[in-house]
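Colleague: Mind looking over this structure? Questions follow.
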Amino acid sequence: MTSPDLEFYCSYSDRCYECCLETEMPLAEKDITRISKLGFQIDEFLEEKDGFMVLRNKEGMCFFLKESRCTIYENRPEGCRYYPLIYDLDTDEFIIDDLCAHFNDFDPSIYQPLHELIRYFIYTLLSEKEIRAEKTREEERKRKKGE
Ligand code: SF4
Ligand code: SF4
């Protein structure tokens with residue numbers, strides 16, 4: 001199963017993998033479910049960071065990067081499919097991440113068809129983060145009450 005249908009096309013991806021080094025890519029629940037179904041344990045490819053579930057690095061690179069290739073390419077996380085186009089929540093703008101090795105070579109305006117997908121994805125991440133936080137608070141309340 002792959003998703004979504006629309007993706008950012010990076011013409012350098014056959015020879016560049018900088019965005020897979022020291023990654024902090026957040027995953028949505030549907031990403032986690034999809035990748036888990038491939039047979040990976042959640043703890044081996046994910047960690048929590050600031051309330052988000054992000055890809056785990058191994059020796060400075062994404063857990064899934066092997067011999068310079070993404071080993072789950074067809075099932076890679078939704079955020080990896082949009083990168084380096086990112087959404088700035090503060091300014092409500094879609095920009096090319098200046099951490100991308102070819103930051104100056106992409107024009108964000110031509111990727112307009114991706115904008116709503118990315119905005120929806122970001123709000124999904126924020127919503128799922130809040131749900132996890134509320135679950136943790138509820139567990140803590142129960143623990144204090146001795147339930
Ligand atoms: S999942 Fe694949 S594309 Fe995404 S950061 Fe890891 S190696 Fe790169
Ligand atoms: S760092 Fe930028 S140029 Fe390199 S593969 Fe990632 S998106 Fe493409």
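Coordinate-derived values only; no laboratory data. Just so it is clear, the model here is predicted, and its values are computed rather than measured. Glycine also receives a Cβ, built like all others from the backbone with ideal geometry; neighbour counts cover every protein chain displayed.
Colleague: Just N57, N104, N75 to compare: in a GNM of the chain, with alpha carbon springs under 10 Å, which one fluctuates most?
Modeller: N104
Colleague: Evaluate the distance, in nm, between pseudo-label points positioned 7 Å from the Cα of I131 and of E29 along their respective Cα→Cβ axes.
Modeller: Placing both labels 7 Å along Cα→Cβ, they lie 0.2 nm apart.
Colleague: Under unit Cβ charges (Lys, Arg +1; Asp, Glu -1), what dipole magnitude, rounded to 20 debye, does the stretch 18-145 have relative to its Cα centre?
Modeller: My answer is approximately 960 debye.
Colleague: For K58, list the lysines whose Cα falls under 16 Å from its own Cα; do not include residues on the same chain fewer than 8 positions away.
Modeller: Straight-line reach from K58, under 16 Å: K49, K66.
Colleague: Please give the FRET efficiency for T124 paired with E59, using the beta carbon to beta carbon distance and R0 = 25 Å, rounded to the nearest 0.05.
Modeller: Calculated transfer efficiency: 0.25.
Colleague: Along its three principal axes, how long is the chain when you only count alpha carbons? Whole Å, largest extent first please.
Modeller: Result, largest extent first: 57, 37, 27 Å.
Colleague: Considering all projection directions equally, how large on average is the shadow of the alpha-carbon convex hull of the stretch 26-77, in square nanometres?
Modeller: 3.6 nm²
Colleague: While we're on this one: For n ≥ 4 DSSP H runs only, could you compute -39500 (n - 2.57) per run for the chain, divide by its residues and tell me the 222 nm figure to the nearest 500?
Modeller: My calculation for the chain gives -11000 deg cm²/dmol from helical runs alone.
Colleague: If you don't mind, another one. Work out how much length E74 to K144 would gain on full extension: take 0.36 nm times their residue separation and subtract the Cα-Cα distance, in nm to one decimal.
Modeller: So the extension gain works out to 20.8 nm.
Colleague: Please identify the trypsin sites (Lys or Arg not before Pro) of the stretch 1-65 that satisfy two criteria: DSSP loop assignment and at most 13 other Cβ atoms within 10 Å. Which are they?
Modeller: In loop regions of the stretch 1-65 (DSSP not H, G, I, E or B), the sparsely surrounded trypsin sites (Lys or Arg not before Pro) are R15, K37.
Colleague: Could I have the simple spin-label model distance between Q112 and K66, label points 7 Å from Cα toward Cβ, reported in nm to one decimal?
Modeller: Label-label distance for Q112 and K66, simple model: 4.2 nm.
Colleague: Now a separate question. Among Y12, P113, G79, flag the residue with its Cα farthest along the positive direction of the charge dipole of the chain, charges on Cβ as +1 for Lys/Arg and -1 for Asp/Glu.
Modeller: Projecting each Cα onto the dipole axis, the largest value belongs to G79.
Colleague: If you place +1 on the Cβ of every Lys and Arg and -1 on the Cβ of every Asp and Glu, how big does the dipole about the Cα centre of the stretch 104-147 come out, in debye to the nearest 20?
Modeller: 560 debye
Colleague: Just want the ordering: I110, I72, from fewest to most Cβ atoms lying within 10 Å of their own Cβ.
Modeller: In increasing order of surrounding Cβ atoms, one gets I110, I72.
Colleague: If you don't mind, another one. Using 0.36 nm per residue, how much length does the chain from D105 to E93 gain when fully extended, once their Cα-Cα distance is taken away?
Modeller: Length gained between D105 and E93: 2.5 nm.
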